[in-house]
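Participant: Handing you this structure, nothing more for now.
The values are calculated or read from the model by the stated rules, or taken from the named source; none is laboratory data. Predicted, not measured: the structure shown is a model, and the values here were computed from it. All Cβ positions, even for glycine, are placed from backbone atoms using ideal geometry, and neighbour counts span all protein chains on display.
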Amino acid sequence: MSHLGSGRPADYRRPVGERTGTRVPGLVGAVLTVVLGAVWARRDFHAWRALGPGGLPPTPWGWLRVSALRVVALLPAPPGSGIDPGPPTPPVGRLPERGAPRPRVAPHPVPHRVLDQRAPRELARRLQQELETLAGRQGLRMATSRWERHHDALWWGTGDEIAHVHPVDGSCHAVLTPADLDVVRARGWGVVHPLAGWGGLPRTYALLFPPRDETEAGHVVTLLRAATETARKG
């Protein structure tokens, strides 16, 4: 009996492999994409947790949130005020170049940490002690960091966080003046936070690289003191 007019496709007599062959590569590609994505996600999750505590819970849900923030970090920062930043504060303007190489910064914006060149423990303690000494001045205090949530930060008054030290690597976050931030970036002492300007994070919120020796620790102290004096002057 002829198949004409039967309503069946013209290729119904062709082997199943021929009829579905064009779908197999696409299916294999989809499966490989899912598998490779799962492998990457697992590795990235453990790399993120290895950065230590800071800001978000170290759970799969926390990792999903920080993954979304990585997308936000790729967007242009909200526009600034357009005000002339003026010159850097004198001590910051005299900072030398930081010796190469610069540390590698983790791709995760929270917690924002370096991957190498971590400070010796005693230098990280020195920076923390510096903040605690500054907190003895009028109007300054130590309290839990608004952004990190796991350790203390230096605050001005009741609402402005100035700086904090990350015990895990000896790096710091500090709110600098725009001109001081330009010096920090140009001379290799740190980078602006990838989420600066978003979600209430100050536009000049900077990561200061960990000191490798006593001399570099002194320069980081200079930056912490400059940030403190700027906050006190309002």
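Participant: Which residue is nearest to residue 229 (Cα to Cα), if the candidates are limited to segment 177-200 and must be among the aliphatic types (A, V, I, L, M) and in a loop (DSSP other than H, G, I, E, B)?
Facilitator: So the first thing to find is which residues in segment 177-200 are among the aliphatic types (A, V, I, L, M), and the list is 179, 181, 183-184, 186, 191-192, 195-196.
With in a loop (DSSP other than H, G, I, E, B) added as a condition, the list becomes 195-196.
Numbers: 195: 24, 196: 21 Å.
Residue satisfying both the conditions and the ranking: 196.
Participant: Then there is this: Restricting the search to segment 71-98, which residues are modelled with pLDDT of 95 or more, in a helix (DSSP H, G or I) and surrounded by 10 or more Cβ atoms within 10 Å (Cβ to Cβ)?
Facilitator: Selection gives 91, 92, 93.
Participant: Would you mind telling me which numbered condition in (1) surrounded by fewer than 16 Cβ atoms within 10 Å (Cβ to Cβ); (2) more than 20 Å from residue 73 (Cβ to Cβ); (3) touching a helix residue (DSSP H, G or I) at 6+ places or on another chain (Cβ under 8 Å) residue 107 fails?
Facilitator: It fails just one condition, (2).
Participant: Residue 75 passes all but one of (1) aliphatic (A, V, I, L, M); (2) over 25 Å from residue 188 (Cβ atoms); (3) within 13 Å of the chain's Cα centre (by Cα); which number fails?
Facilitator: (3)
Participant: Being surrounded by 16 or more Cβ atoms within 10 Å (Cβ to Cβ) and touching a helix residue (DSSP H, G or I) at 6+ places or on another chain (Cβ under 7 Å) is the filter here; which residues of segment 128-159 pass it?
Facilitator: Matches in segment 128-159: 130, 131, 134, 140, 142, 154, 156.
Participant: Now a separate question. Would a scan of segment 162-176 turn up a residue that is modelled with pLDDT under 95, more than 21 Å from residue 99 (Cα to Cα), not acidic (Asp, Glu) and not in a helix (DSSP H, G or I)?
Facilitator: yes
Participant: Is it the case that segment 138-154 has a residue that's under 19 Å from residue 204 (Cα atoms) and at pLDDT 95 or above? Walk me through how you get there before you give the answer.
Facilitator: Looking only at segment 138-154, we keep the residues that are under 19 Å from residue 204 (Cα atoms), and these are 145-148, 153-154.
From what's left, at pLDDT 95 or above: 153-154.
Scanning segment 138-154, I find at least one residue that is under 19 Å from residue 204 (Cα atoms) and at pLDDT 95 or above, so the answer is yes.
Participant: Looking only at segment 206-221, which residues are over 16 Å from residue 99 (Cβ atoms) and either surrounded by fewer than 21 Cβ atoms within 10 Å (Cβ to Cβ) or in contact with a Leu (Cβ under 7 Å, 6 or more places away or on another chain) (or both)? I'd like the intermediate steps shown before the answer.
Facilitator: To start, the set of residues in segment 206-221 that are over 16 Å from residue 99 (Cβ atoms) comprises 206-207, 221.
Answer for segment 206-221, where residues must be over 16 Å from residue 99 (Cβ atoms) and either surrounded by fewer than 21 Cβ atoms within 10 Å (Cβ to Cβ) or in contact with a Leu (Cβ under 7 Å, 6 or more places away or on another chain) (or both): 206, 221.
Participant: Go through segment 176-206 and count every residue that is touching a Pro at 6+ places or on another chain (Cβ under 9 Å), within 24 Å of residue 68 (Cα to Cα) and touching a residue at least 40 places away in the same chain (Cβ under 8 Å).
Facilitator: Total satisfying the criteria: 7.
Participant: Quick one: how many residues across segment 107-130 are under 22 Å from the mean Cα position of the chain (by Cα), closer than 15 Å to residue 163 by Cβ and not in a loop (DSSP other than H, G, I, E, B)?
Facilitator: Of the residues in segment 107-130, 3 are under 22 Å from the mean Cα position of the chain (by Cα), closer than 15 Å to residue 163 by Cβ and not in a loop (DSSP other than H, G, I, E, B).
Participant: Which of the residues that make up segment 201-219 are farther than 19 Å from residue 107 by Cβ, in a loop (DSSP other than H, G, I, E, B) and either of a type in the set (Val, Ile, Thr) or touching a Gly at 6+ places or on another chain (Cβ under 7 Å) (or both)?
Facilitator: Looking only at segment 201-219, we keep the residues that are farther than 19 Å from residue 107 by Cβ, and these are 202-204, 211-219.
With the extra rule that they be in a loop (DSSP other than H, G, I, E, B), the set shrinks to 202-204, 211-213.
Matches in segment 201-219: 203, 204, 211.
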